[in-house]
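Data block below; observations after.
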Amino acid sequence: AQTVTQSQPEMSVQEAETVTLSCTYDTSESDYYLFWYKQPPSRQMILVIRQEAYKQQNATENRFSVNFQKAAKSFSLKISDSQLGDAAMYFCAQDSGYALNFGKGTSLLVTP
Amino acid sequence: NAGVTQTPKFQVLKTGQSMTLQCAQDMNHEYMSWYRQDPGMGLRLIHYSVGAGITDQGEVPNGYNVSRSTTEDFPLRLLSAAPSQTSVYFCASSYAGVGTGGGTPLHFGNGTRLTVT
């Protein structure tokens with residue numbers, strides 16, 4: 001069975017600073033997709049970034065980037081120049097072919 | 001486009017009552033799925049469907065039924081609600097399988113908060 005592990009239940013960052021959220025996963029597949037989703041207090045699930053496993057280059061979306069280490073099965077999310085609006089729950093997820101396996105989430109607090 | 005619409009937004013049930021959580025999408029997506037979100041547990045897959053007439057169980061299917069008579073609709077039924085089913089429920093859709101479809105992202109509804117007393 002595939003598992004996704006987020007070892008940091010809570011993280012805190014000051015505005016304008018950089019923070020990294022950790023995620024590890026376990027799979028026997030050679031090609032797969034990894035995602036980070038953001039869930040603000042509104043409860044909406046928002047796709048932040050997506051990584052395809054066979055692509056060596058780390059995905060980047062504006063202030064959000066990933067450090068994808070395939071051999072180590074690690075997929076961390078870096079948020080640069082943190083903003084108050086980045087405060088949310090962040091979920092790491094891996095595809096299971098037809099749906100997603102989610103980690104338990106990391107709650108990010110952004111302080112002024 | 002409305003995207004994925006879930007109704008109701010909030011619901012309170014008594015133990016033993018039944019109800020249906022509605023989910024509709026207007027994007028002609030083949031794949032639809034239901035997740036439940038509990039504090040400290042992330043989102044867990046309940047049931048999913050790869051097309052009209054085809055459904056299958058996810059990680060936590062007990063106590064829930066689904067059917068998919070049309071491409072647009074994927075209702076989730078609680079036959080006899082239990083306090084353990086208190087949760088936030090999300091419906092999601094995609095035009096193909098997340099993995100088999102080239103990493104297509106899921107489109108989520110805004111969730112239903114269900115409380116069973």
task: Could you pull out the residue among A:Gln56, A:Gln44 that is in a loop (DSSP other than H, G, I, E, B), polar (S, T, N, Q) and more than 9 Å from every other protein chain (Cβ to nearest Cβ)?
output: A:Gln56
- request: Report whether or not A:Ala53 is modelled with pLDDT of 95 or more and either aliphatic (A, V, I, L, M) or within 24 Å of B:Gly3 (Cα to Cα) (or both).
  value: no
statement: With criteria (1) over 13 Å from the mean Cα position of the chain (by Cα); (2) modelled with pLDDT of 95 or more; (3) exposed (fewer than 13 other Cβ atoms within 10 Å of the Cβ), A:Asp31 comes up short on (2)
- line: Counted residues in region B:16-53 being more than 14 Å from B:Val66 (Cα to Cα), in contact with a strand residue (DSSP E or B) (Cβ under 6 Å, 6 or more places away or on another chain) and among the polar types (S, T, N, Q) come to 2
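Quickly run through region A:9-19 and pick out the residues that are away from chain B (no Cβ under 13 Å) and in a loop (DSSP other than H, G, I, E, B).
A:Glu15, A:Ala16, A:Glu17, A:Thr18
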task: Inspect region B:81-103 for any residue being modelled with pLDDT of 95 or more, over 22 Å from A:Ile46 (Cβ atoms) and among the aliphatic types (A, V, I, L, M) and give the result as yes or no.
output: yes
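Could you grab me the full set of residues in region B:82-117 that are small (Gly, Ala, Ser) and either in a loop (DSSP other than H, G, I, E, B) or more than 13 Å from chain A (Cβ to nearest Cβ) (or both)?
Those that are small (Gly, Ala, Ser) and either in a loop (DSSP other than H, G, I, E, B) or more than 13 Å from chain A (Cβ to nearest Cβ) (or both): B:Ala82, B:Ser84, B:Ala96, B:Gly97, B:Gly99, B:Gly101, B:Gly102, B:Gly103, B:Gly109, B:Gly111.
The values are calculated or read from the model by the stated rules, or taken from the named source; none is laboratory data. A quick note: this is a predicted structure, and the numbers were derived from the prediction, not measured. No Cβ is skipped: glycine too gets one built from the backbone with ideal geometry, and neighbour counts run over all protein chains shown.
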